[in-house]
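Computed from the coordinates by the stated procedures, all read-outs in this text should not be read as laboratory data. Given the structure is predicted, the values throughout are model-derived calculations rather than measurements.
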């Protein structure tokens, strides 16, 4: 039997793992959130990214390494990293869907040119 995990805590502590998790969560819950409340998807992505960033800091006990004077700077860094994860998540989805759209547009353009 296979012994692997798609996402693990170790993977979620990496930027790639966080981007994958945020993208998956967003795509899975986007329709549900749209039915309940019309919230722009980018805000949902930011929320997931920040929640996961703070959760990973707490789970990995990175908080205990900082003195009280470092708390503010640590919070700012976590928030900024969450923004980077959110932007990467949104861009990865745009690239995937944009690639499909570009291929369709190229096919349509070829069809139009063949009719001339």
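List of remarks:
- The stretch 9-91, relative contact order [Cα under 8 Å, separation at least 6], %: 43 percent
- 23 Å tail of the calculated P(r), the stretch 9-91, as % of Cα pairs: 26 percent
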